[in-house]
Amino acid sequence: MSLYQQCGLKYFLSYIDSWREPPTSALAGGSITHEVVEYLYRLEPAERTVENALALLREHGPRMLKQTEYLPFVDDIKMKHSVREAVENLFKVENPPEVVVQPEHLEMELNVVINGVNFFGKVDRFTVDGVNRVTDYKTGKSPGRFIDDKLAQPYLYALGFKTQYDIDVDEVELIFLNAQEVVRRPADIGLVTSMGEQLATMRANSERDVAESAWDARVSRLCDYCAFQKVCPARNPDAPQPGSTLCDTQLSEAGLLHK
Ligand code: SF4
């Protein structure tokens, strides 16, 4: 949803034409961190120590780095340092033995139709300790003023919980491990409902774009980080028609992968 709102053409190339960037070290590091934190919270509360977390990192980090997509980062010391920092920081932003969580509430799948849109999500953690809270861990930088964009995801999870399980989520939480920031917001029903409406609007607009074969290339400062610049008519006057064979060829040559 956020990608569509950022740039329609980028959304088309990513989700309709199915191109993606090769895995990055940030993605590898984020996946390893999530795995370690999940296994940590599967332990009994008293066993959730820093030492055990680092032992889990030593166990699961090398295993995950053997996966084909992460193999290029097997010697990436900077990434490994960042993952260790994220795991250690978990103990600075919360006290894991005190977190009340059931194993079935870790990596919980949501698969539900919201306002006519098929919605699938994996919720990092759902806790019930007087407050029903949906938590998502993030690695990398602090979101700064873009925090509202990041909150759209847990608000939609809250709506998913209500729609699929008839559970009212009271609060959403984002834990930025490397940045040592915890952001909590009440799952205000107005906001949650509005996210569902935004999702339906986004879906309707993207269906219109598919029908018209017209995608809005929305130039912004984020274009500087866009992997599709070479094939984007808004950035490159010689760009081929998006979706054409020539476009595919240029994206392949640029190292992008076709799903
Ligand atoms: S370069 Fe900018 S306008 Fe072009 S596809 Fe990427 S984000 Fe969109």
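When you check N178 against the structure, is it more than 16 Å from the ligand (Cβ to nearest atom) and in contact (Cβ under 8 Å) with a residue 12 or more places away in the chain, yes or no?
Yes.
Of the numbered conditions (1) within 24 Å of R20 (Cβ to Cβ); (2) in contact with a strand residue (DSSP E or B) (Cβ under 9 Å, 6 or more places away or on another chain); (3) assigned to a helix (DSSP H, G or I), E207 fails exactly one; give the number of that condition.
Only one criterion is unmet by E207, namely (2).
Which residue is farthest from E171 (Cα to Cα), if the candidates are limited to the range 188-224 and must be buried (at least 16 other Cβ atoms within 10 Å of the Cβ), among the charged types (D, E, K, R) and within 14 Å of the ligand (Cβ to nearest atom)?
Going through the qualifying residues, I end up with D209.
Got at least one residue in the range 116-132 being of a type in the set (S, T, Y), crowded, with 16+ Cβ neighbours inside 10 Å and within 30 Å of P186 (Cα to Cα)?
yes
Just to confirm my filter: which helices (runs of 4 or more DSSP H) fall fully inside the range 1-97 and include at least 2 residues that are surrounded by 14 or more Cβ atoms within 10 Å (Cβ to Cβ) and either in contact with a Gly (Cβ under 9 Å, 6 or more places away or on another chain) or in contact (Cβ under 8 Å) with a residue 60 or more places away in the chain (or both)?
Helices (runs of 4 or more DSSP H) meeting the threshold: 2-6, 8-11, 25-42, 77-93.
Values in this text are rule-based calculations from the coordinates and carry no lab data. Note that the structure is predicted; figures quoted are calculated from it, not measured. Note that we place each Cβ from the backbone using ideal geometry, even for glycine, and neighbour counts take in every protein chain shown.
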